[in-house]
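The values are calculated or read from the model by the stated rules, or taken from the named source; none is laboratory data. Bear in mind the structure is a predicted one, so any value in this text is a computation, not a measurement. Cβ coordinates were reconstructed from backbone atoms using ideal geometry, including for glycine residues, and neighbour counts include every protein chain displayed. Protein only, heavy atoms only, side chains kept; ligands, DNA and RNA dropped before computing areas. Shrake-Rupley method; radii C 1.70, N 1.55, O 1.52, S 1.80 Å.
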Amino acid sequence: MSLDTRTTGAPHDDTAAAAPQTASPLQLATPPGVLDPATAWEVHGRRPRPGWWGWAVPGGGRAAHVESAALYQGTSTQVCGLYPFASGSGAAPRGVPIGRHMYTAEPIGLDPGEWMRSGLISNTGIWVQGQPGIGKSTIVKRLATGLSAFGYFLTIPGDVKGEYSALVDALGGRIWRIGRGLHSLNPLDGGPLRAAITHARSTVEQQRLRETLRARQISLLEALIVIVRRAGMTVTERVVLGAAIDAATALAAPAEPVIPDVLRVLEKPTTDLLGAAACDTATEFRRDQRELLNSLRLLINGAIRGLFDRASTVHADLDSPAMSLDLSALEDDDDDVIAAAMLCSWSWSAAMIDSARSSAAQRNVVQIQDELWRALRVAPGLVERSDALTRMNRHKGVVQIQVTHSLDDLEALPTEADRAKARGMAGRNNIMILGGMPASEVDSIGGIVRVSTREAHLVSSWAAPPTWVAGGRHPGRGRYLVKSGQRIGLPVEMTLTATELDLYNTDLAWQERR
């Protein structure tokens, strides 16, 4: 790098030009031609303005000499090594306060709706990733609390660990605990969407909602069958299942159909069902469709018996500030059970959101999907089916927050097609919040969003304490890098209030008992 010390000369000083060159800075009178700041306004009617060097009056703080600035020059090869010259700043101040910029100390606000209105992002999805214990759920809860205060309806469909229940309770919301001997969730239940169909303002709107409900019923029951058989369905099975759901719905009306109703229809097939399967007799139909019938019997009598084969006891309250479907009673069950419960919860929540958007009092929604991959890794094809059930876009006024530990969870998905679709699911989120993680994880993130070398080093430095000395604070606690598009990220440090420390705490099992 070369150094240029050329002197460009001090700026012109109008007070210096007006003052005699022999005037002493210690003189007791104002030099001739120089306005006295104490009398300039009263005598001359002019706002006093100092010259470049300050007031040339006793006590005016005039500088005896102003040095010219040094000019540094360097080649592009050298200067590019300093880029980025500073971490990003100038973040949108409007939004939920999530902390202060680690280098500039400016407050950072995050409201996906406001960011989209101001042109910073094109959709309102948020992807949160970091290793366990660094505070992923903490920043998600801060966002949920703030957005709830802004008037958003908060929904947590499928809270596997029950870690959001305290927050929902504190907000005055409703918690539904799903499990054996607890509340049940019927995957064929229209729920709040059925009420929206009844109160639709036009025939066209009614038909649209009916088709939406039917598509969700078919998609969800197909997903449950894929889970129990660990394999996909044939085209014929899908056609037959759709016809069976239609028949069961008609027979159960005005009540909601349940899975045993669908099984009974298939055991005694109608002419339409025989035609769909290209069978001449009921015996031939049952033999041809035995895999489908046995899959439904597994849903009724297998590991998830008693959970999703009876009428729903869960009800939507759209006037409530928040709602959670708590699955913690099933946390120790097999992945099949957890995946089925999460998919049913997601579908029910999606129906509730559609119902809320169809009502007169439309509310924006913030939806949290935690432990995302537990529902996707059980069987092939579940990524596409879950995406169809849960895809929420900006036109519905939904802020969708998806939380996971690692992109390596993708590698546990059954097929390469599932892994590619899951990467697309992550990439569709315009906002990424990254907590502490190993360097290898940061490299994986680089395939979705641009992460500079400096940012990668910063995030990986939060992964673990630098020494074995006990008693210090973990370097990643409360620190996050907020990324969006190709912009430089915002390194944020969040400080919790005393109330939040109690409300957001997920380490109760490890606290000392006094």
Worksheet item: Expressed in nm to one decimal, what extension gain is obtained for the pair Ala412 and Arg264 from 0.36 nm per residue of sequence separation less their Cα-Cα distance?
Response: 49.6 nm
Response to the item:
Of Lys141, Lys396, ordered by accessible area with the largest first and a 1.4 Å probe, the sequence is Lys396, Lys141
Worksheet item: Of the trypsin sites (Lys or Arg not before Pro) in region 186-253, which ones lie in a loop per DSSP and count no more than 14 other C-beta atoms within 10 Å?
Response: Arg201, Arg230
Worksheet item: So what's the Cα pair-distance distribution over region 168-277, bin width 10 Å, in %?
Response: 12, 36, 33, 15, 3, 0
Discussion item. Let's test the formula: R0 of 22 Å, r as the Cβ-Cβ distance of Arg310 and Thr236. What FRET efficiency results, to the nearest 0.05?
Written reply: 0.15
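Around Trp462, with a cut-off of 13 angstrom between Cβ atoms, what is the net charge of the other residues, counting Lys and Arg +1 and Asp and Glu -1?
Working: positive: Lys136, Arg473, Arg477, Arg479; negative: Glu441, Glu455, Glu493.
Overall, the nearby charge balance is +1.
Note the per residue figure in Å³ for the convex hull of the C-alpha positions in region 277-325.
Measuring per residue, one finds 132 Å³ for the Cα hull of region 277-325.
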Worksheet item: Ignoring ligands, DNA and RNA, how do Met352, Met233, Met116 rank by accessible area with a 1.4 Å probe, largest first?
Response: Met116, Met233, Met352
Worksheet item: So how exposed is Met494, as accessible area in Å² (1.4 Å probe, rounded to 10)?
Response: 10
Worksheet entry | Distance (nanometres) between label positions extended 7 Å along Cα→Cβ at Ala195 and Arg297 | 3.9
Fill in: Solvent-accessible area per residue for region 227-331 (1.4 angstrom probe, square angstrom)
48
Practice prompt. Express the carbon and sulfur contribution to the solvent-accessible surface of region 291-440 as a percent, rounded to the nearest whole number, probe 1.4 angstrom.
Written response: 46
Fill in: Accessible area of region 101-155 belonging to carbon and sulfur atoms, whole % at 1.4 Å probe
59
Practice prompt. Kindly state, to the nearest 0.05, the FRET efficiency for Ala470 paired with Leu318, given R0 = 51 Å and r defined as their beta-carbon distance.
Written response: 0.55
Worksheet item: Whose amide H sits under 5 Å from the amide H of Gly158, counting only residues 5 or more places off or on another chain, with H placed in the peptide plane?
Response: Leu325
Discussion item. Can you classify region 109-254 as rounded, prolate or oblate using the Cα gyration tensor, where a ≥ b ≥ c are the square roots of its eigenvalues, rounded means a/c under 1.5, and otherwise it's prolate if a/b beats b/c and oblate if not?
Written reply: prolate
Worksheet entry | Accessible area of Leu120 in the full protein assembly, 1.4 Å probe (Å², nearest 10) | 70
Worksheet item: Taking 0.36 nm per intervening residue step and subtracting the Cα-Cα distance, what contour gain separates Ala498 from Gln78 on full extension?
Response: 146.4 nm
Fill in: Extension gain, Ser118 back to Ser202 (0.36 nm per residue minus Cα-Cα distance, nm)
26.8 nm
